[in-house]
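Written below as structure tokens is the structure these notes are about.
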Amino acid sequence: MDRNTFEEKFSIELTPLFVFVFISISSIILIGLTTLLITITPLREFIPGYGSAKHEQKIISLQKQIDSLNQKMTNYDVYRQHIQKIFVDEDFADDTIAFQSVEPVKNRENTFAFSKEDSLLMQINIKGGKSKAFEEKTVSKKDYKQFALLFSPLNGEIISTFNPSVNRYGISLNSDNNLLYAITSGNVVFYARETNSSLVIVIQHPDDMLSVYRYQGVSTVEQGDIVKIGQLIGKGLTAPMMLNFELWIKGKPVNPENHITF
């Protein structure tokens, strides 16, 4: 309505039906615009349960990495259990390595005489019921050069020599030095303390070689650690220090004196 002439220009009659229709149409338009705004903009990522393709790809990649790590952990646990079986009395299959009960070999100068528990492997079960003790592995000249550069774990006097005929698969050393070193690089696959308080460290080296250190003292490495040649791996509690040392190549015990200068 014009204020000067009082002429009516526009008028509308509000009825309940008109108000209802107007509010309904406005609500539908508002909902549509809001939905469109969310679906075509990054705001949709804030909706619970609605993720972006980038995040989904990242989640899938992380899930694959987790599965791979779980598989590696499973393989490592199986490998660790096999190593642990070497140090306990368990029944193995006919084509695997087994222990036999033997009396400890006494040595008046060596209080750590090798016994059944003191050796990694005692005897191979041959199919058909026959068995035989391990024979010292014959190493060719080529292999000898391959294993020639080995670091002495402990410089000292050899008080018990390698003698597989009496189930003595290592040597015993006595030294005023109480520091123990790795003979070459490898992985610590076993680390445990025996019932007689002796500490046992087993290191897996390249080319199917194992070194076993048994002594009374403390360790500077743990199971799963990677060591280098000449690295300090343990300390004796007292000096002089007693060490039982075994060297295995391709599953058989060898005389450490043929490969290491003590």
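Some notes on this structure:
- Filtering segment 142-157 to residues that are exposed (fewer than 15 other Cβ atoms within 10 Å of the Cβ) and modelled with pLDDT of 75 or more leaves Leu149, Asn155, Glu157.
- In segment 217-245, the residues that are over 14 Å from Asn177 (Cβ atoms) reach residues that are modelled with pLDDT under 90 and not in a strand (DSSP E or B) with C-beta atoms within less than 6 angstrom, at least six apart or across chains, in these pairs: Asn244/Phe112.
- All of (1) hydrophobic (A, V, I, L, M, F, W, C); (2) over 22 Å from Leu149 (Cα atoms); (3) in contact with a His (Cβ under 8 Å, 6 or more places away or on another chain) hold for Leu237 with one exception: (3).
- Output for segment 44-95, where each listed residue is over 30 Å from Leu33 (Cβ atoms), modelled with pLDDT of 75 or more and more than 20 Å from the chain's Cα centre (by Cα): Gln57, Lys58, Ile59, Ile60, Ser61, Leu62, Gln63
- Some residue of segment 241-258 being in a loop (DSSP other than H, G, I, E, B) and either hydrophobic (A, V, I, L, M, F, W, C) or surrounded by 22 or more Cβ atoms within 10 Å (Cβ to Cβ) (or both): no
The values are calculated or read from the model by the stated rules, or taken from the named source; none is laboratory data. The structure presented is a predicted model; accordingly, all values stated were derived computationally and were not measured. Glycine also receives a Cβ, built like all others from the backbone with ideal geometry; neighbour counts cover every protein chain displayed.
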